[in-house]
Ligand SMILES: [Zn+2]
């Protein structure tokens with residue numbers, strides 16, 4: 001990849017303008033911090049990196065969601081909101097009969113509670129929406145495999161199906177870490193699940209977040 005020259009100095013301004021247009025001022029400080037890191041640390045990256053970053057932070061436009069990928073794109077958009085807030089970028093959507101009941105993102109820092117995982121809030125909102133805590137007819141879309149807490153909530157809420165983008169071999173409890181809450185014989189509820197939907201974009205977003213947090217270039221870190 002070629003090094004940036006003087007002509008690339010406009011890129012931060014173009015990038016910032018695009019971010020502001022897409023997200024409003026919530027991401028202003030974030031973008032400035034990120035760009036400082038990007039261009040000061042190693043002399044800058046060039047157009048390829050810029051386009052990749054721009055793509056990463058561009059929301060999906062989904063007019064009439066009807067497929068797993070469509071709904072996961074909306075979960076990805078929610079994950080972008082988490083990123084902008086300095087939260088681990090994971091988003092969730094719950095639907096029933098192809099109708100959205102909840103769209104949430106992680107809010108652990110904002111709420112000051114580990115209960116701020118997006119799946120828990122989505123389950124809560126969905127129950128309110130249908131007036132029933134039993135979510136047998138519902139599907140949860142989430143950009144990362146649910147942790148023990150959220151996998152447990154899926155069981156307890158009797159969720160019908162879970163779709164997640166990327167697996168988590170450390171904390172994921174739908175098979176990722178070795179245990180699978182979706183099909184524990186002793187549990188009184190089991191559910192189906194699908195993985196790998198929109199995997200690469202969701203993985204890149206998480207990787208970018210943790211890279212930036214390691215390099216101390218993100219708000220809330
Ligand atoms: Zn969780």
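Against the empirical 2.2 N^0.38 Å (N residues), the range 171-221 has a Cα radius of gyration ratio of 1.62. The ratio of the alpha-carbon radius of gyration of the range 48-152 to the globular-protein estimate 2.2 N^0.38 Å is 1.09.
By the beta-carbon count within 10 Å of each Cβ, the least crowded to most crowded order of 117, 189, fewest first, is 189, 117. Taking a ≥ b ≥ c as the square roots of the eigenvalues of the alpha-carbon gyration tensor, the range 70-119 is classed oblate because a/c is 1.5 or more while a/b is no larger than b/c. Using only Cα atoms, what is the ratio of the radius of gyration of the range 92-221 to 2.2 N^0.38 Å? This ratio for the range 92-221 stands at 1.05. Counted by neighbouring Cβ atoms within 10 Å, the residues 73, 204, 97 run from fewest to most as 97, 204, 73.
Order of 166, 95, 130 from fewest to most other C-beta atoms within 10 Å?
Lowest to highest Cβ neighbour count: 130, 95, 166.
Every read-out reported here was derived from the displayed coordinates using simple, explicitly stated rules and does not represent laboratory data. On a predicted model such as this, the values are computed, not experimentally measured, just so you know. Methodologically, a virtual Cβ is constructed for each residue, glycine included, from the backbone with ideal geometry; neighbour enumeration extends over all protein chains shown.
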